[in-house]
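One structure below.
Nothing in this text is a laboratory measurement; each read-out follows from the coordinates by a stated rule. Since the model is a prediction, treat every value here as computed from it, not as a measurement. Please note: Cβ atoms are built from the backbone with ideal geometry, for glycine as well, and neighbour counts cover all protein chains shown.
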Amino acid sequence: MKNSSALQRSAVSEKENSKALFLAACRGEATPRVPVWMMRQAGRYLPEYRAIREKHSFLEVCKTPELAVEVSLQPVRRLGVDAAIVFSDILIPAEAMGMALELTDAGPVLPQPLREARAVEALREFDPEKETRFLMDSIRGLARELGTEMPVLGFAAAPWTLACYMVEGQTKSGFAATKQMLYAAPQTLRALLEKIARVTARYLRAQIAAGAAAVQLFDTWAGELSRDDYEAFALPAVQQVLAELSAPDDVPVIYYSKASRHLLRALPRSGADVLSVDWRIDLGEARRRLGAHTALQGNVDPCVLLGPAEGVTAAAQRAIGQTGGVAHILNLGHGILPETPVENAQAFVRAAKSAADAV
């Protein structure tokens, strides 16, 4: 973990840019205010995104750098967030590894899921600059557009979460097929996780080389595991990603996990610089249990943004208050919902930017 061992007052001033603010928070430093962005901030709640989707499929937008850059910039223009995450999908590597992929707004589908060891062995360990060059070109384009003033965020699925999709074929409650593999054929699951980890490290390394100032690992389905199973399967794979990634000291890694309150003590062992958690975890409790040096991201319930704007502001201010605004990146506890009014997304961002005097 690259965080400093003790908090220190950041040299970042309000006049400096979002990138400096964001990276200082990732380093565990106190900042004049918390930086803010939202997972899935480029998406269906924005009318300008829906206009593009009327003409182009989801996968077409992902694979066309000009479109991906435009969609990634939309929340920057509309909301004033402090980071731009590149528009893509966590299942892009599954396709590059040789699996058929269908992406729609209804959710991703892998029509030929993995169920046997030989299928795992057949997966390709691809070259990111060849098979997924479109993503690297999107990051390069975003970096050119944003310059030194705002960070471009890259991302990938954590190995366990990607494995869930690859084995199930789509999101399924309980992930029975994946857990059956875990208990009945653990060596096959470990082989899959290790291969995904190697690929993911290269994939993120290419994103950093293309201009990503930080990268995030999404472990959306980590909470489906008991702590023992998490520590035996998911955690070692995340540790492998970070060990093989060897990100430069100035490129932080954010690790997001959902429904992971029972894993809180284990999460720091991932080696990530920032731990991103959902609304089930009190940020103040997390800070007390994990230590003042641990940078946190989150954690407002996305459904709060479906209510009145005053409630959105109050929830954002409450989250900031739980950390004292120190070593904290304000975000949602999961992705913003398509039904979210744009004005509520704007209220969320404004709450962060106006909270400096309240903490």
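Quick notes on this one:
- Per-peptide average of other Cβ atoms within 10 Å, ordering 257-266, 177-186, 329-338 highest first: 329-338, 257-266, 177-186
- Environment charge of Cys303, counting only residues whose C-beta is closer than 12 Å and scoring Lys/Arg +1, Asp/Glu -1: -3
- Once exposed loop GluC sites (Glu not before Pro) are cut out (DSSP; at most 15 other Cβ, 10 Å), longest piece of the chain: 150-338
- Taking amide H positions as modeled 1.01 Å from N, with prolines and chain starts lacking one, the residues under 5 Å from Gln216 and 5 or more places away or on another chain are Gly154, Phe155, Ala156, Ile254.
- Set the Cα radius of gyration of region 157-282 against 2.2 N^0.38 Å, with N its number of residues, and you get 1.01.
- Quotient of Cα Rg and 2.2 N^0.38 Å for the chain, N being how many residues it contains: 0.93
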